[in-house]
Amino acid sequence: MKTIYLGLRGDIIHPGIINIIREAAGRGEVLVGLLTDSAIASHKRLPYLTWEQRREVLENIKGVSKVVPQEEWSYIPNLKKYRPDAIIHGDDWLSGPLSGEREEVFALMRETGGEVIEIPYTQGVNSSALNESMRSLGTTPDIRLKTLRRLLDLKKPLRILEAHSGLSGLIIEHLEIKKENGLRAFDGIWSSSLTDSASKGKPDIEAVDLTTRLQDLTNILECTTKPIIFDGDTGGKSEHFIYTVRTLERNGVSAVIIEDKVGLKKNSLFGTEVAQELAPIEDFCEKISSGKRAQVTKEFMIIARLESLIAGQTPAAALERAHAYVAAGADGVMIHSKEKSGEDIQGFCQKFRAEYRSLPLVLVPTTYNRFTEQELAAWGASIVIYANHLLRASYPAMMKAARSILENERSLEAEALCMPIKEILELIPGGK
Ligand code: SPV
Ligand code: MG
């Protein structure tokens, strides 16, 4: 009996997949190479089902003999490992992003004397289109909440961008660019206190109460499915923080980040002469552990934000606080700085990673923005947050249009600065 290799994502089973399994089974034993979460995460959005769940489904489909993990996006390592007599694929890879894979597979199979079977692609159904329509149906709070931890296990660093409205959330949800090694997209959303308050014309001093922050968050939740990290400011009093934690969990938020400042909170990037006062270590630890005790799910994360560098202290002082916060139950730490050189952050990361090999470490490179994500990951970053860029990009664009209307006493000239009405209607689901 010949062995026929079939590489699959297997998240959404549709008639096209049943067809290719049937075709393969007619030619021999079907060995399914089931892509692992990390193989998929490098190219496409994370599957809805875990690898084990997907394996269980596939093993029970008629015609499948065996399911093995395919750890890489490329078929090559598994073809070398299992040496099947043939590999089967839909002819959709004749052109487009998979054509490179096809060439590699042909070359290898020629070398090993194996066969490449191409069958006509089942028109009208494919996983990508189904994935897209599933996304439009949304997600559940439970699935969304867990996604951040799943992603943290799979790739570094996670790329998170700030949203302050449904519209900005839609950009993060849908924007993808094609790169040589697959599609590139954002992994999740930062709900920023700075941009949330600024979009309301208010200062970033915890003046926007949690209820109002959550109303805005609801707009983002309603039109997105990606995981959300919530900027919890100082977290308020421990007695109040426990309610915040539960409310965020109920809404499907994956993590809250709270900062160790006391008194009237000012934005960390604000150029004040007077340094913000840091919370006594024990008080902040108590807040973290109250939050941890209060949470209902095991996946929700409380991340402790260290403001030591902002307050003019050394990386060593920040590390001392990190020790205490982790011991109090923090699921990760964020280290912040407004130093452009990035030296202080790098110094902290080095010390931190020497002690905590895999504990999530969050960086917010607003000022030290010349470092790429890969460089920050090499320092030890698990998550990179672009904390305010959509709001800061939108304001000058709005100013330009407003100024043009004032200058010209009509909107003809401003038209070129604006997206066409048709496009904005198409952008919003159900808007047409
Ligand atoms: C925010 O986005 O509100 C933050 C990050 O807290 S920062 O503005 O850099 O302090
Ligand atoms: Mg903030």
Quiz prompt | Where trypsin sites (Lys or Arg not before Pro) fall in DSSP loop in the stretch 176-235, at most 14 other Cβ within 10 Å | solution = Lys200
Quiz item: How far is the Cα center of the stretch 175-208 from the Cα center of the stretch 79-93, in Å?
Solution: 41 Å
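Of the listed peptides 402-415, 285-298, 382-395, what is their order by residue-averaged count of other C-beta atoms within 10 Å, with the highest listed first? It would help to have the intermediate numbers written out before the result.
On the way: 402-415: 11.7, 285-298: 17.4, 382-395: 18.9.
Most protected by this proxy first, the peptides run 382-395, 285-298, 402-415.
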Practice problem: Starting at the first residue of the stretch 25-38, write each ³J(HN,Hα) from the Karplus equation 6.51 cos²θ - 1.76 cosθ + 1.60 with θ = phi - 60°, in whole Hz, x for Gly and Pro. | Solution: 5, x, 10, x, 7, 8, 9, 8, x, 8, 4, 6, 4, 6
Self-check item: Rule-of-thumb Rg ratio for the chain [Cα; 2.2 N^0.38 Å; N residues]
Solution: 1.12
Quiz item: So who's got an amide H within less than 5 Å of the one on Thr234, skipping anything under 5 residues away but keeping other chains? H placed 1.01 Å off N, in plane.
Solution: Glu259
Quiz item: Using a cut-off of 23 Å between alpha-carbon atoms, which lysines can reach Lys202, once sequence neighbours fewer than 8 places away in the same chain are excluded?
Solution: Lys237, Lys261, Lys265, Lys266, Lys338, Lys400
Exercise. Consider a paramagnetic label point 7 Å from the Cα of Leu417 along Cα→Cβ; state which residues of the stretch 159-173 have an amide N under 14 Å from it.
Key: none
Quiz prompt | Nonlocal amide H pairs with Leu158, under 5 Å, H built at 1.01 Å | solution = Ile383, Val384
Quiz item: Any idea how far the Cα center of the stretch 279-351 sits from the one of the stretch 1-15, in Å?
Solution: 45 Å
Practice problem: Filter the GluC sites (Glu not before Pro) in the stretch 174-250 to those in DSSP coil with at most 11 other Cβ atoms within 10 Å of their Cβ, and list the result. | Solution: Glu180
Practice problem: Measure nothing but the geometry: give the 0 to 90° angle between the long axis through the Cα atoms of 99-112 and the longest principal axis through the Cα atoms of the chain, rounded to 10°. | Solution: 50 degrees
Quiz prompt | Reachable lysines from Lys81, criterion Cα separation under 25 angstrom, eight or more residues apart if same chain | solution = Lys2, Lys44, Lys62, Lys66, Lys155
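List the GluC sites (Glu not before Pro) in the stretch 292-401 that DSSP assigns to loop (not H, G, I, E or B) and whose Cβ has at most 15 other Cβ atoms within 10 Å. Which are they? Spell out each step's value before the answer.
Working: sites: Glu299, Glu307, Glu320, Glu339, Glu343, Glu355, Glu373, Glu375; in loops: Glu299, Glu307, Glu339.
When the GluC sites (Glu not before Pro) of the stretch 292-401 are filtered for loop state and at most 15 Cβ neighbours within 10 Å, Glu339 remain.
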Self-check item: Under Karplus coefficients 6.51, -1.76 and 1.60, residue-wise ³J(HN,Hα) of the stretch 236-252 in Hz, glycine/proline x
Solution: x, 6, 3, 4, 8, 4, 4, 6, 4, 4, 5, 5, 5, 4, 4, 8, x
Practice problem: For helix 389-408, report the angle its Cα long axis makes with the longest principal axis of the Cα atoms of the chain; keep it between 0 and 90° and round to the nearest 10°. | Solution: 70 degrees
Quiz item: Given a cut-off of under 8 Å on Cα pairs at least six residues apart, what relative contact order in percent is computed for the stretch 150-198?
Solution: 42 percent
Quiz prompt | Cα-based helix-to-principal-axis angle, 281-294 vs the chain, degrees rounded to 10 | solution = 50 degrees
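Just so you know, all these numbers are worked out from the coordinates, no wet-lab data involved. Everything numeric here is computed off the predicted structure, so don't read it as measured data. For neighbour counting, all protein chains shown are included, and Cβ atoms are generated from backbone atoms with ideal geometry for every residue, glycine included.
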